[in-house]
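Here's the structure we're looking at; comments come further down.
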Amino acid sequence: MQLNAFFPTRDIGTDPAKIRDWAQAAEDLGYGCIEVPDHVFGATARDGWTPLYNETDPFHETFTTMAFLAAVTKTVTLSSGVLILPQRQTGVVAKQAAEVDLLSGGRLRLGIGVGWNHVEYAGLGEDWSTRGARQAEQVEVLRRLWCEELVSHKGRFHDLEEVNIVPRPVQRPIPIWFGGSSDAVIRRAARIGDGWMPIVPPEAAGEKLDRLRGHLAEFGRDAADFGLEGWLRMNAPDPQAWAAAADG
């Protein structure tokens, strides 16, 4: 079993030396991966909706933080945990991820999710209602941008003609792991993901794992080649409500 360290973005503060020391301590203690969470905007409660994180919670920018961690560590894997992919431009994410992977010597794992904050989507000019379908197409485009010399792609959300990412990453492609625990996300992870990294309450973990194994078998994938990592959230909201909030 491999243990990972979650970057304490809300608590660590803004001292670069403290961030460096924390990351190096995690590496020295033998953690396999450092996971950096993601939010662009905080938001206030409104119209009966209360955010899980609000305008008082600090979040270090995910890719910048991982690039800094790459410079102050040597061997530990770096992962977004998780990047809210559909609220971002795919080409920009491809470029940022490629650079972090390059500067870290191929130590990046891209953890992605669809998020729960519709206010953040609106503030970034992206459509909350299509986030699941957009995420699936983004994964295809990301992998092509990381691996191909020139990419042309015409889909529902992307229209690319002979574009590329240079310099390209060390890993081609960078591993993509899915966060989230809704049925739609589990199925999408089994179909096109390299791994799954959910946050689930203990009482729901067995059922979710069985569902994952069933979908992997459905898509003809070997469970032994599929990455798995999870948090057991001891004081989670109602499992159905949590899943619905992160559905796509």
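Could you look through the range 42-61, keep only residues that are among the hydrophobic types (A, V, I, L, M, F, W, C) and within 19 Å of the chain's Cα centre (by Cα), and pick out the one that is farthest from Tyr121 (Cα to Cα)? Please lay out each step first, then the result.
Filtering the range 42-61 for residues among the hydrophobic types (A, V, I, L, M, F, W, C) gives 43, 45, 49, 52, 59.
Among the residues that remain, those that are also within 19 Å of the chain's Cα centre (by Cα) are: 52, 59.
Numbers: Leu52: 15, Phe59: 16 Å.
Taking the candidates together, the pick is Phe59.
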Suppose we filter Asp194, Asp210 for residues that are over 21 Å from the mean Cα position of the chain (by Cα) and of a type outside the set (Gly, Ala, Ser); which single one remains?
Asp210
Is it fair to say Ser129 is under 18 Å from the mean Cα position of the chain (by Cα), among the hydroxyl-bearing types (Ser, Thr, Tyr) and on the phi < 0 side of the Ramachandran plot?
no
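Among the residues of the range 78-116, write down those that are among the β-branched types (Val, Ile, Thr) and under 28 Å from Asp183 (Cβ atoms).
Applying the first criterion (among the β-branched types (Val, Ile, Thr)) to the range 78-116 yields 82, 84, 90, 92-93, 100, 112, 114.
Matches in the range 78-116: Val82, Ile84, Thr90, Val93, Ile112, Val114.
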List every residue pair whose Cβ atoms sit under 7 Å apart, with the two residues 6 or more apart in sequence or on different chains, where the first one lies in the range 1-13 and is without any contact (Cβ under 8 Å) to a residue 60 or more places away in the chain and farther than 20 Å from Gly230 by Cβ and the second, anywhere, is of a type outside the set (Lys, Arg) and outside any loop (DSSP other than H, G, I, E, B).
Ile12/Ile19; Ile12/Trp22
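Mind telling me which of the residues Gly105, Gly111, Gly91, Gly125 ends up being of a type in the set (Gly, Ala, Ser), surrounded by 16 or more Cβ atoms within 10 Å (Cβ to Cβ) and either touching a Ser or Thr at 6+ places or on another chain (Cβ under 7 Å) or assigned to a loop (DSSP other than H, G, I, E, B) (or both)?
Just one listed residue meets the conditions, Gly111.
May I ask you to list the residues in the range 202-211 that are over 27 Å from Leu108 (Cα atoms) and either out of contact with any Leu (no Cβ under 6 Å at 6 or more places or on another chain) or among the acidic types (Asp, Glu) (or both)? Walk me through it before giving the result.
Taking the range 202-211 and keeping what is over 27 Å from Leu108 (Cα atoms), we get 202-204, 206-207, 210-211.
If the condition is that a residue be over 27 Å from Leu108 (Cα atoms) and either out of contact with any Leu (no Cβ under 6 Å at 6 or more places or on another chain) or among the acidic types (Asp, Glu) (or both), then Glu203, Ala204, Gly206, Glu207, Asp210, Arg211 are the ones that fit.
The rows are residues; the columns are (1) closer than 16 Å to Ala94 by Cα; (2) crowded, with 17+ Cβ neighbours inside 10 Å; (3) touching a residue at least 60 places away in the same chain (Cβ under 8 Å).
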site: Gly155; (1), (2), (3): no, no, no
site: Asp159; (1), (2), (3): yes, no, no
site: Ile165; (1), (2), (3): yes, yes, yes
site: Pro173; (1), (2), (3): yes, yes, no
site: Ala204; (1), (2), (3): no, yes, no
site: Gly214; (1), (2), (3): no, no, no
site: Ala223; (1), (2), (3): no, no, no
Only one of Gly155, Gly180, Gly195, Gly123 is modelled with pLDDT under 95 and not aliphatic (A, V, I, L, M). Can you tell me which?
Gly180
Counting only residues in the range 14-52 that are touching a residue at least 40 places away in the same chain (Cβ under 8 Å) and small (Gly, Ala, Ser), the one surrounded by the fewest Cβ atoms within 10 Å (Cβ to Cβ) is identified as Gly32
(1) in contact (Cβ under 8 Å) with a residue 40 or more places away in the chain; (2) under 18 Å from the mean Cα position of the chain (by Cα): which one isn't true of Thr64, the others all being true?
(1)
How many residues are hydrophobic (A, V, I, L, M, F, W, C) and either closer than 15 Å to Leu83 by Cβ or buried (at least 23 other Cβ atoms within 10 Å of the Cβ) (or both) if we restrict to the range 175-202?
9
Let me confirm something: among Leu142, Leu102, which residue is modelled with pLDDT of 95 or more and either touching a strand residue (DSSP E or B) at 6+ places or on another chain (Cβ under 6 Å) or within 27 Å of Pro8 (Cα to Cα) (or both)?
Leu102
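The values are calculated or read from the model by the stated rules, or taken from the named source; none is laboratory data. Bear in mind the structure is a predicted one, so any value in this text is a computation, not a measurement. Please note: Cβ atoms are built from the backbone with ideal geometry, for glycine as well, and neighbour counts cover all protein chains shown.
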